[in-house]
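Engineer: Before we start, here is the structure in question, set down as structure tokens.
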Amino acid sequence: MAALRLLIGAETYPPDVNGAARFAGRLATGLAARGHEVHVVAPSPTGPPGATVVDGHTVHHVSSKRYGPLDAMRICMPWDAAREAARIMRDVDPDVVHTNGHLSVGRAVVHAARRSGRRLVATNHLMPENVVGYLSLPAFVRDAVGMWMWRDLGRVYSHAQVVTAPTPRAVELLTTRSGITAAVAVSNGIDTEQFQPRARAAAVAPTILFVGRLDPEKRVDDLLRAVASMPHDVRCRVEIVGEGPRRAEWTALATRLGIADRVRFAGRVTDDELLECYARADVFCMPSVAELQSLVTLEAMAAGLPVVAADAMALPHLVRPGINGRLYQPDDTEGLARHLAELIGDRGLRERSGAASRTLVAEHAIEATLDAYEAVYARVLDRQPVVADGSTPSQMPPVQVPGRRTAPDRSVG
């Protein structure tokens, strides 16, 4: 397709470490590599506004402040976001706007796009319940705030010509809770080649790996309790990669359970170190109950690992019981322990399940995601519908955007 000028709105962006940030970074980098002129609007990682060029695309930083309950997140004041997004929209003059959030930055980008008549695509990565869980409010008030956030998301995203979410389960959640009447599932995608399986040495104690922020909904405590309940003859180690507010509590729990000598809290790691974590692991465990897709589970699958995951939210889209891993009911630590012990005790089963993971993850390759979004952008510009009929956008007949000039070289501050 002809080169487009794209403006991507992101509430969180690298160097932030979370699934939404990593997706937005991969999307921008991948589209720029395909010849599109890509601009990103995101919170400043340091506070002041500015612009930088990263991996072939321009990141416009909106003035931000640190958000106390989530030490890794920065937020933008609505008035700063609105003013700066409107200026960036005028300067960039995009063909298509693609927001990845509806909070301060996403809302400002959506309103600037609507006021200037831009074609708009919106992708949801958020479960409001995960946000309100950090508020110091009674449970019934948090529930009400969560419901309000879903409706607010629907109001903001109602201005988009196309709404997407990463999995069919995420689409179902979005359409039933936000008031959005139709959405399309497009996988977040990963670079499957980056996570190629590596030869694994036969270890005395196989390693169970978890990767993610140490937040309440991740349920890492279930994993620790499951390991503690395993028979004494089941030897294993646990590696927990990531930071978050529950680290101290879960570290103390491992000590109380008597398994501290078998559990390593690795904290935040570099990309290269993460590849090493996948390479030395034998089983991947995702006990979370709030995944709209789970990029780290996809990465583990690409690395050839069997997966044991909670039968919750979108994880059943990734784990095929008896093929590439096992599912267990949330809170059933005995079931989790049983599935982990089965895989730990049978190297052949681990290898067969890991090979199946590698096969299943192929449909989530980042190139397929980029194809899908290029198809969405083209059809949005051509004012053709993007149907939610079970097919992915990349399976639709391609639409060429006639007459689009090659993007000029601009310097936008």
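Engineer: Starting from the range 322-333, keep only residues that are more than 15 Å from residue 347 (Cα to Cα), then list their pairs with residues that are in a loop (DSSP other than H, G, I, E, B) whose Cβ atoms are within a distance under 6 Å, requiring at least 6 positions of separation or different chains.
Structural biologist: 327/311; 327/319; 329/311; 330/289; 330/312
Engineer: Out of all the residues in the range 1-55, which are farther than 16 Å from residue 93 by Cα, of a type outside the set (Gly, Ala, Ser), touching a residue at least 60 places away in the same chain (Cβ under 8 Å) and part of a loop (DSSP other than H, G, I, E, B)?
Structural biologist: Correct list: 1, 11, 12, 17, 18, 34.
Engineer: Do you know which of the residues in the range 5-19 that are among the hydrophobic types (A, V, I, L, M, F, W, C) and crowded, with 22+ Cβ neighbours inside 10 Å is nearest to residue 380 (Cα to Cα)?
Structural biologist: Looking only at the range 5-19, we keep the residues that are among the hydrophobic types (A, V, I, L, M, F, W, C), and these are 6-8, 10, 17.
Still in the running and crowded, with 22+ Cβ neighbours inside 10 Å: 6-8, 10.
Numbers: 6: 13, 7: 14, 8: 15, 10: 20 Å.
In this case the residue turns out to be 6.
Engineer: For residue 19, are the conditions met, namely being within 28 Å of residue 187 (Cα to Cα) and not β-branched (Val, Ile, Thr)? Explain how you work it out, then say what you get.
Structural biologist: Numbers: within 28 Å of residue 187 (Cα to Cα): yes; not β-branched (Val, Ile, Thr): yes.
It is true that residue 19 is within 28 Å of residue 187 (Cα to Cα) and not β-branched (Val, Ile, Thr).
Engineer: The conditions are (1) outside any helix (DSSP H, G or I); (2) over 22 Å from residue 63 (Cβ atoms); (3) within 20 Å of the chain's Cα centre (by Cα), and residue 170 fails exactly one of them. Which is it?
Structural biologist: Evaluating residue 170 over (1) outside any helix (DSSP H, G or I); (2) over 22 Å from residue 63 (Cβ atoms); (3) within 20 Å of the chain's Cα centre (by Cα) leaves (1) as the failure.
Engineer: Related question: Among 362, 356, 341, which is assigned to a helix (DSSP H, G or I), aliphatic (A, V, I, L, M) and either closer than 20 Å to residue 168 by Cα or not assigned by TED's automatic domain parsing to the domain that holds residue 226 (or both)?
Structural biologist: Details: 356 fails: either closer than 20 Å to residue 168 by Cα or not assigned by TED's automatic domain parsing to the domain that holds residue 226 (or both); 341 fails: either closer than 20 Å to residue 168 by Cα or not assigned by TED's automatic domain parsing to the domain that holds residue 226 (or both).
The unique qualifying residue is 362.
Engineer: Filter the range 340-365 down to the residues that are in contact (Cβ under 8 Å) with a residue 60 or more places away in the chain and surrounded by fewer than 21 Cβ atoms within 10 Å (Cβ to Cβ), then identify the one that is nearest to residue 225 (Cα to Cα).
Structural biologist: Looking only at the range 340-365, we keep the residues that are in contact (Cβ under 8 Å) with a residue 60 or more places away in the chain, and these are 340-341, 343-345, 347, 350, 354, 358, 361-365.
Checking the rest, the ones that are also surrounded by fewer than 21 Cβ atoms within 10 Å (Cβ to Cβ) come to 341, 345, 347, 358, 362-363, 365.
Numbers: 341: 13, 345: 18, 347: 23, 358: 29, 362: 33, 363: 34, 365: 34 Å.
By that ranking, first place goes to 341.
Engineer: Another question about this same structure. Anything in the range 309-332 that is assigned to a strand (DSSP E or B) and surrounded by fewer than 18 Cβ atoms within 10 Å (Cβ to Cβ)? List them, or say none.
Structural biologist: In the first step, residues of the range 309-332 are kept if they are assigned to a strand (DSSP E or B); the result is 309-310, 321, 325-328.
321, the sole residue that qualifies.
Engineer: I would also like to ask the following. Which numbered condition trips up residue 335, out of (1) within 20 Å of residue 281 (Cβ to Cβ); (2) in a helix (DSSP H, G or I)?
Structural biologist: (1)
The values are calculated or read from the model by the stated rules, or taken from the named source; none is laboratory data. Because the structure is a prediction, the values reported are computed rather than measured. Every residue, glycine among them, receives a Cβ derived from its backbone with ideal geometry; neighbour counts consider all protein chains shown.
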